Amino acid sequence: MRVVSPLSCFAAASPLLRSQLPVTTTATSSNDVQQLRNTHLGRPSMHVQRPKQQSHPGQNNGWLKLDSGCNSYNPALVTRGGAAVSKTQPERSLYHRLKTFLNKRFFLLGAAAMVAAARVVPSPGTTGGLLSLSVSKAGVSLVFFLVGLAIKLGELAGAALNFRLNLLTQAFSLGVLPAVGIGLSRVLAAGGIHPALADGVLILMCLPTTVNMCVILTQSAEGNTAAAAFNAVLGNLLGVVITPALLLLLLGRRLDMAPSLLATFKKLGIKVVLPLALGQLARFTPLRELHERKPKAISRFSECVLLSIIYTTFCDTFKNSAGVAGTAAGGGGGGVLVLMAVLPIVHLLSLAALDALSRVPFLKIDERDRIAVMFCGTHKTLAFGIPLIKALFEGHPSLGMMATPLLLYHPSELMLGSALAPTLRTRAEAREAAAGAAQTTPNGAN
């Protein structure tokens, strides 16, 4: 007669036991196997028991048990006192949450870091510095080259034909905001603000939109990048004519602007229009396939280029301190504090106003277009604003005060735009999903 040992019976039955019994121990190592054998043979070892609810899960009875908590195998769960504790899931979850947080707010955190770096180490990014020659001259052009590479020609042509969107954006930027500037500058001057600071607010509101930041923020919020790029170019082309005309009319300046206008047109063509055209031509090369394979990586690279531009811009501000420090020395320090509080509020109200105006049914502006309208319609260019102010008011004793509102508004639009981009992206996705669900809902379910 064949004698079957209990150990061999257990070895044969162990797969069945694992699939049928909700045991609290799952062996994955030689020590675990030995403990499981000891349990089967009646030797004292780790308890094999059915899982049960503990009245005091925080108590530790001195045993460390691997607990699946169900009929499936899960080696990641460890129990102390009968309460399941995951060893790896919390760390993994925390890592993914941190990664998601950094990805969504990369540009905002990076912008804050660049401003801080410019404050601590301004020399490399100042005019004539190591980074200034490459970043200031090639940075903007590189951004628009990448924008041209990303945009399909049909999309850019479609953006040019979107008359309602373009009209709303440019009318608000070069019509509504200058009118706001007239009233705001008068209120500030009546409240005791230095007249040059009040004039600087009017100058700020008459400037065109940014040439790169509005496009990058629109892209970051997954808005209509083609519409943003078109309005950035159109706004600055209009701005080099409309802005000086408005300032000469409203501030009563009589200056010969022809050379400055020609120089500004030339700069705009070299830094914006030409790179955009070259980017479109690059779509007929292998660069197009590279962009289609790695769109997120190229978008992140574009954001990094803009961060370098931000660094060099603030390096000059912190090193020279011609705006804020000169204003404080001239008796306008209190006015600067007032503007630091007022200008972000004006920017937020402008964003809210454009958000509301773009919802007028006649305009037929969708969620992605609305993002481009909000950024392009409310931003004011620092890259062309400072040279334009210098050209218009060169030699004026209060030139630093006139430029100060722009220096204060620029970081405000950057920080607020970077903070709002994830929210606008999420809102657009949610509303598009809701609209799609409404279209697929049967009429009888309404």
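No lab work stands behind these numbers, since they all come straight from the coordinates. Just so you know, these numbers come straight off a predicted model, no measurement behind them. When we count neighbours, we look across all protein chains shown, and the Cβ atoms used for this are built from the backbone with ideal geometry, even at glycine.
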**Asked** Among Lys364/Lys390; Lys267/Lys380; Lys271/Lys296; Lys152/Lys380, which pairs are too far apart, with a Cα-Cα distance over 29 Å?
**Response** Lys364/Lys390
**Request:** List the equivalent ellipsoid semi-axes of segment 124-423 in whole Å, largest first, each obtained as the square root of 5λ for an eigenvalue λ of the Cα gyration tensor.
**Result:** 31, 22, 18
**Message:** Only counting other Cβ atoms within 10 Å, I'd like Ser134, Ser141 sorted with the fewest neighbours first.
**Reply:** Ser134, Ser141
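Tell me, Arg370, Arg186 in order of fewest to most beta-carbon neighbours within 10 Å?
On the way: Arg370 25, Arg186 13.
Exposure proxy ranking, most exposed first: Arg186, Arg370.
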**Prompt:** By counting other Cβ atoms within 10 Å of each Cβ, how are Arg293, Arg119 ranked from fewest to most?
**Reply:** Arg293, Arg119
